[in-house]
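Working notes for the structure below.
The values are calculated or read from the model by the stated rules, or taken from the named source; none is laboratory data. The shown structure was predicted, so the numbers you read here are calculated from the model rather than taken from an experiment. Positions of Cβ are backbone-derived with ideal geometry, glycine not excepted, and every protein chain shown enters the neighbour counts.
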Amino acid sequence: MDSVSGMVTLNDYLLVTATASYDVTNQIQIFGRIENLLDEQYQEIFSYNTIGIGVYMGLRVRLGG
């Protein structure tokens, strides 16, 4: 860290996110997302680590029409 300006150069990193969805019927859809698929260890702000891999899933229901 440059003690005069407070500027820091952080290491490069690669984040991979995968998303998918599937229409079960015309009204029902399931979906999911995986963030940081490679479980990369990185920092966006000096000394603040980020979370690892994250998995999210959901169900979407279309009502009416």
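Look at region 51-65 and say how many of its residues are modelled with pLDDT under 95, under 30 Å from Asn11 (Cβ atoms) and surrounded by fewer than 11 Cβ atoms within 10 Å (Cβ to Cβ).
Of the residues in that region, 1 qualify.
Between residues in region 22-43 that are under 21 Å from Gly54 (Cβ atoms) and residues that are part of a strand (DSSP E or B) and hydrophobic (A, V, I, L, M, F, W, C), which pairs lie under 6 Å by C-beta distance while being six or more apart or on different chains?
Final answer for the pair search is Tyr22/Ile30; Ile30/Leu59; Gly32/Ala20; Gly32/Met57; Ile34/Ala18; Ile34/Val55; Leu37/Ala18.
Name the single residue, out of those in region 42-65 being more than 14 Å from the chain's Cα centre (by Cα) and of a type in the set (Phe, Trp, Tyr), that is nearest to Ala20 (Cα to Cα).
Filtering first and then ranking leaves Tyr48.
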